[in-house]
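Input: a single structure, listed below in structure tokens.
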Amino acid sequence: MSPEDRSEHRTDPTAEVVAVGVDGTARSVGAIRYAADVAAREGSVLRLVHVSPSYVPMAPLPLTLTDLRGAAEEVLAAARSEALERQPDLLIETAHETGSRVTGLLRGTGTAHLLVLGRETRTGVDRMVAGATTAAVAARAPVRAVVVPEDWTGAAGHGRVLLGVKRPAVSPHLLSRAFEFARERGATLVVVHAWRMPDAYSDLIAQRVRPEEWRDEGLRMLTSLLAPWRAEYPDVHIEMHAEHGTPAEVLVRHSAAVDVVVVLRRRRDAARIWPLGNVARSLLRLSEAPVEVIPDGPVDDLVPGLVLEEDGQILR
């Protein structure tokens with residue numbers, strides 16, 4: 001079997017592409033729906049990517065390469081039907097890869113500008129042995145990646161985009177994408193800061209003695225950080241929250257009432273082997289809304305009128 005088997009159905013080779021990983025299980029359904037909606041809204045081609053094993057299992061019953069190819073075709077056909085049921089006018093192409101699921105999904109993404117994945121559902125020993133495919137792909141994808149819960153339907157339509165801010169040093173790429181997303185959807189940008197003292201005793205005292213001060217300090221930080229972005233995006237409504245709790249638990253709680261959560265994937269270097277932080281990985285597992293992972297990039301003038309320092313902080 002060739003490492004890549006594509007079925008092309010488009011005549012314009014320059015057309016934008018949205019890729020979605022499909023594996024024939026229920027966890028792909030929400031991702032297919034989400035990707036189909038994005039492709040239809042943008043007028044993009046939808047690429048269905050499936051990865052099958054490069055080996056032939058011999059037990060309990062022997063399989064042939066023809067069996068594996070047939071199974072892959074069935075998976076892709078079912079995914080195509082799901083996508084067309086959601087968006088009947090979509091232009092769809094398929095990519096069948098073999099080998100490692102992580103490598104295959106990355107290879108199958110090709111020239112797509114967005115990769116959509118179903119949420120990882122394996123836990124415990126199975127997750128340790130097989131690996132966390134979704135997180136690994138989201139951490140390495142060359143483009144934006146969205147992880148979608150399997151039961152996502154998009155029916156709620158909250159009109160809200162969620163962004164978590166831990167400190168003033170926030171990537172301008174993350175802020176830019178959050179504002180752009182909110183503007184594109186006509187949505188409210190919900191910006192949340194979570195605070196918690198480093199030890200249990202100090203935290204207990206802070207909650208009882210000065211909770212308003214910690215909240216007000218967080219809101220002042222957000223107000224200062226967002227001021228120049230408000231000027232560049234005056235049409236985006238912003239809602240700010242500063243709440244007690246760990247960032248992961250606070251953001252997961254807010255995810256129940258938003259359409260998407262945006263998180264950052266840091267650039268990989270010698271000091272940062274795993275570019276997804278603990279909060280981002282927690283959201284990939286627990287968020288009730290789709291999570292969009294934004295690749296960080298070199299500092300440039302992402303938004304006209306903003307002047308950035310070398311570390312990405314806004315000077316003006």
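For the pair Arg230 and His158, how long in nm is the line joining their label points, each one 7 Å along Cα→Cβ?
Distance between label points: 2.3 nm.
Taking amide H atoms as placed 1.01 Å from N in the peptide plane, list the residues 5 or more away in sequence, or in a different chain, whose amide H sits under 5 Å from that of Trp195.
Under 5 Å from the amide H of Trp195 lie the amide H atoms of Glu243, His244, Gly245, each far enough along the sequence or on another chain.
Which of rounded, prolate or oblate describes segment 15-114 when judged by the alpha-carbon gyration tensor and an a/c cut-off of 1.5?
prolate
What is the set of long-range amide H partners of Leu91 at a cut-off below 5 Å, with H atoms built 1.01 Å from backbone N?
So Leu91 has HN proximity to Leu46.
Long-range amide H contacts for Leu114: which residues qualify at under 5 Å (H placed 1.01 Å from N, peptide plane, sequence gap of 5 or more or a different chain)?
Counting only residues 5 or more places away or on other chains, the set is Ala19.
No lab work stands behind these numbers, since they all come straight from the coordinates. Keep in mind that what you see is a predicted model, and the values were worked out from it rather than measured. Cβ coordinates were reconstructed from backbone atoms using ideal geometry, including for glycine residues, and neighbour counts include every protein chain displayed.
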